[in-house]
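The values are calculated or read from the model by the stated rules, or taken from the named source; none is laboratory data. Everything numeric here is computed off the predicted structure, so don't read it as measured data. Here the Cβ is made from the backbone with ideal geometry for all residues, glycine too, and neighbour counts use every protein chain on show. We work out accessible area using only protein heavy atoms, side chains counted, and drop any ligands, DNA or RNA first. Shrake-Rupley method; radii C 1.70, N 1.55, O 1.52, S 1.80 Å.
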Amino acid sequence: MQVYTMILEINPGIFSLAVNGIKELLAKEKHPNIEIDCTILNENISSLESIVKLSKDLGGVFVDFDPVQILGVGNNSKYKFQSDISGVFKMQELAKKYNIEITSPEKMKLIEKYLKNQNIVMPCYSYCKDMLISPKGDVHTCWTIGEVIGNVLDNDFVNLWYKALAKNKDVLTGNKKECFGCGFSHSRMPDVGYSHIVEKANQIRLAHIESKSFK
């Protein structure tokens with residue numbers, strides 16, 4: 001939110017410019033798919049309804065919500081969500097009233113558990129297929145665990161990669177302790193129609209990891 005405020009101070013009216021730009025795109029006969037992404041923070045959790053109202057004003061643009069991640073690479077472990085998350089429920093009710101498509105109910109349930117600091121036991125779809133690389137080439141296990149596997153320029157990196165996958169294979173089933181506090185709904189993919197795909201894909205990945213030998 002500090003960054004957002006700074007941008008507004010440097011570029012007054014930038015929000016209006018962005019909204020007007022979206023309106024111009026939507027007015028065209030052929031336009032790209034447009035969605036609004038909203039990160040849930042303490043600073044905006046009580047005013048999420050305004051994002052739904054903006055969507056309504058824009059003709060029903062899809063709105064995707066995801067909470068800021070507290071722990072992990074580059075994040076602040078001292079950041080704590082406030083206990084009042086009623087703004088999330090009010091936002092969902094308003095979206096239903098206006099018939100605005102927002103983040104799926106399954107993801108919203110996951111987000112709710114994350115905001116309440118409840119354990120989330122759910123497979124991760126991003127693990128094994130995504131790689132988090134720093135500007136210097138250091139590769140982290142993921143945003144939440146924050147472990148450095150090695151450097152992508154290392155001659156032995158492939159072996160280091162598989163060692164890390166084997167060490168953290170419980171991520172694939174959602175039973176790794178560090179994953180219990182991860183609120184990345186896009187990594188969990190709990191939506192109806194996707195959850196079974198994640199489960200099957202991770203079974204294949206787990207079997208592949210366990211079939212490997214390491215030096």
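Calculate for the chain the 222 nm mean residue ellipticity that helices alone would give, adding -39,500 (n - 2.57) per DSSP H run of length 4 or more and normalising by residue count, nearest 500 deg cm²/dmol.
After summing the helix terms and dividing by residue count, I get -12000 deg cm²/dmol.
Between the listed residues Phe62, Tyr114, Met91, the Cα displaced farthest toward the positive end of the dipole of region 23-125, a dipole computed from Cβ unit charges relative to the Cα centre, is found at Tyr114. When Rg and the Kirkwood radius Rh are both evaluated on Cα atoms of the chain, their ratio Rg/Rh stands at 1.02. For the chain, the fraction of 1.4 Å probe accessible surface lying on carbon and sulfur atoms is 53 percent. Taking all Cα pairs closer than 8 Å and separated by 6 or more residues, the relative contact order of the chain comes to 18 percent. Excluding ligands, DNA and RNA, the accessible surface per residue across region 62-194 is 55 Å² with a 1.4 Å probe. As a quick test, which of the pairs Lys96/Lys116; Lys30/Lys200; Lys177/Lys212; Lys78/Lys177 have an alpha carbon distance above 29 angstrom in this structure? Pairs exceeding the cut-off: Lys30/Lys200. Within region 67-153, the trypsin sites (Lys or Arg not before Pro) that combine a DSSP coil assignment with at most 12 other C-beta atoms in a 10 angstrom radius are Lys78, Lys80, Lys116, Lys129, Lys136.
Taking only the Cα atoms of region 97-148, the ratio Rg/Rh comes out at 1.12, with Rh defined as the Kirkwood radius.
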